[in-house]
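S.K.: Structure in structure tokens, see below.
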Amino acid sequence: MTDAGTRTAPGRRRAVRATPAGAVIASVALVELSSGITQGFLSPLLKGLTDTLGVTAADLNWISIANLLASVAFTPVLARMGDLYGHRRILRWNLAIVIAGSVLVGLSRSFPMLLAGQILQGAIAGFFPLLVGILRNRPDGGDAESRRGISHMVAALIGGLTLGLLSSGFVAASVDSPTAALWVPAIGATVALAVTWPLLPESEDRPGGSVDWAGALLLSTGLVALMLALGLGGTPGWEWTSTRTLATLAGGALVTALWVRVELRTAEPVIDVRMFRHRAVIVVSLVTVTFSFCMFGLQVAHSVFLGTSPAETGYGFGYGPVAIGLGLLPNLLAMAAGALAAPAVAARLTDRLTLVTGSLLMAAGYGIALATHDSAPPFLLGTALAGLGNGFLQHSTRTLAVESVPHDRTSVGSGINELLISVGGSLGAAAVLTVFAGHTPAGRTLPDLGAYTTSWVLCLVISLAGAAAALLHRPTPEELR
């Protein structure tokens, strides 16, 4: 027998137990805060890790690549399982995986062990789709409510990035062990799991069916192979014309093509590729890839640049761990402001103009960084401008991706967007890795200035391409009224 108060419309159920809206918003924000901490804590430590772990600045890009490649494997499976088996239930397991990876990172005394922990931490890509599923399946979880909730989640994510980099910077500066700050993400994820365990509601709005394990395996294998070849292409042992590189590229392309064929014949695909026949989906996907390319591609580069001494290389500002964290703040605070302002901007300007504006702001920011990298104030202003545009795009692409699917596929729709963020980020990190490797003299750990100028020019061009793609977006019927 069903309680009349548990159903809102045919085929939709309310959460199993009523939870105050404020508690739900605070809980999802806390989880995203922990995600931000996990993504941001390494930035102030990267320069020091070149000595502690005996690696080059180019090698450090493997941290981003390993994390992003892992997220490609985790995201579609976790998102689909959330829609099928309950968003809260899968989120708890998701947090447990991230905690396990964070413990490995905390124990790391070698670069391979650090990478292994980062691979498990890549499961944080599942947080956002699962949390959006919880938000959108609330009784009052309409599109307007979801947009506001997503803006708070993005702001919390960026707040976590800020908290992570500041806390790890202060820990690194306050204790003798240079690896003590590696425990910061383990603390954040554990607190998030403990606090949200009794607060987040479970939903019964589930479509039924099963996980397309074959599709998930093919997708992950194909994308990882492509990203791996692109990331290592041009480096020693992975020359562009080498058998290894060409075979990996060809294999990844073939497996991805096979995945498309299998998905078209599957009743319950992990990702419905037919959605990509719609212009809006293609445009949002392209913009997502462009902004994530730049965001993740420069994540390591900017941290190392701020910590590099001009006396050592002729560039940089010579900041310590705490100062690096503070130097990254303008970008992160502007990003949070952009995410919070995006719903109002989109309501006034339309989604299309919000996407165009965000991309142009990023391009302008990288242009300023390129022109003023020898002076801290204008350089940091440039990173703030890029962050503001990034905040617009993070919110807009995520909301548009969610609104394009039915409620019972909410996590899958959001998961596709998170997957594209990972793909774009992997491409960006791989491109910067190649640039840095090509500009690092033999026997040196730090590249010459050309590595940074080339990377800024590349991201400026990519951002302009995102703005051009955004111009093709067409307003929805609601925007036209």
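S.K.: Look through G233, G307 and report the one residue that is of a type in the set (G, A, S), more than 25 Å from V77 (Cβ to Cβ), at pLDDT below 90 and not assigned by TED's automatic domain parsing to the domain that holds R80.
M.R.: Going through G233, G307 in turn, the sole match is G233.
S.K.: Which is assigned by TED's automatic domain parsing to the domain that holds L60 and without any contact (Cβ under 8 Å) to a residue 24 or more places away in the chain, of G387, G358, G382, G391?
M.R.: Exactly one of G387, G358, G382, G391 is assigned by TED's automatic domain parsing to the domain that holds L60 and without any contact (Cβ under 8 Å) to a residue 24 or more places away in the chain, namely G382.
S.K.: Restrict the check to region 29-52 and report whether at least one residue is assigned by TED's automatic domain parsing to the domain that holds H439, without any contact (Cβ under 8 Å) to a residue 40 or more places away in the chain, more than 30 Å from L446 (Cβ to Cβ) and of a type outside the set (K, R).
M.R.: The answer is no, given that none of the residues of region 29-52 is assigned by TED's automatic domain parsing to the domain that holds H439, without any contact (Cβ under 8 Å) to a residue 40 or more places away in the chain, more than 30 Å from L446 (Cβ to Cβ) and of a type outside the set (K, R).
S.K.: Tell me yes or no: at least one residue of region 353-374 is over 22 Å from the mean Cα position of the chain (by Cα), in a helix (DSSP H, G or I) and within 19 Å of T288 (Cβ to Cβ).
M.R.: Yes, region 353-374 has at least one match.
S.K.: Only one of L217, L228 is closer than 30 Å to L370 by Cα, surrounded by fewer than 22 Cβ atoms within 10 Å (Cβ to Cβ) and under 25 Å from the mean Cα position of the chain (by Cα). Can you tell me which?
M.R.: Criteria check complete, one pass: L228.
S.K.: Okay, moving on. Take L161 and decide whether it is among the hydrophobic types (A, V, I, L, M, F, W, C), closer than 27 Å to L135 by Cβ and under 20 Å from the mean Cα position of the chain (by Cα).
M.R.: For L161, the condition - among the hydrophobic types (A, V, I, L, M, F, W, C), closer than 27 Å to L135 by Cβ and under 20 Å from the mean Cα position of the chain (by Cα) - is met.
S.K.: Sticking with this one: Is at least one residue of region 299-310 surrounded by 19 or more Cβ atoms within 10 Å (Cβ to Cβ) and in contact with a Cys (Cβ under 8 Å, 6 or more places away or on another chain)?
M.R.: Checking region 299-310: not a single residue is surrounded by 19 or more Cβ atoms within 10 Å (Cβ to Cβ) and in contact with a Cys (Cβ under 8 Å, 6 or more places away or on another chain).
S.K.: Provide a single number: the residues in region 342-352 that are part of a helix (DSSP H, G or I) and buried (at least 17 other Cβ atoms within 10 Å of the Cβ).
M.R.: 6
S.K.: Select the helices (runs of 4 or more DSSP H) contained entirely in region 228-336, then report the ones holding at least 2 residues which are within 30 Å of G391 (Cβ to Cβ) and either in contact (Cβ under 8 Å) with a residue 12 or more places away in the chain or in contact with a Gly (Cβ under 7 Å, 6 or more places away or on another chain) (or both).
M.R.: In region 228-336, 279-297, 299-307 are the helices (runs of 4 or more DSSP H) which contain 2 or more residues that are within 30 Å of G391 (Cβ to Cβ) and either in contact (Cβ under 8 Å) with a residue 12 or more places away in the chain or in contact with a Gly (Cβ under 7 Å, 6 or more places away or on another chain) (or both).
S.K.: Same structure again: I need the helices (runs of 4 or more DSSP H) fully contained in region 26-123, keeping only those with at least 1 residues that are buried (at least 23 other Cβ atoms within 10 Å of the Cβ), within 20 Å of the chain's Cα centre (by Cα) and among the hydroxyl-bearing types (S, T, Y).
M.R.: 57-85, 87-107
S.K.: Do the conditions hold for G466, that is, is it modelled with pLDDT of 80 or more, out of contact with any strand residue (DSSP E or B) (no Cβ under 6 Å at 6 or more places or on another chain) and under 14 Å from L286 (Cβ atoms)?
M.R.: Yes.
The values are calculated or read from the model by the stated rules, or taken from the named source; none is laboratory data. The structure displayed is predicted, hence computed values, not measured ones. Neighbour counts run over all protein chains shown; Cβ positions are idealised from the backbone, glycine included.
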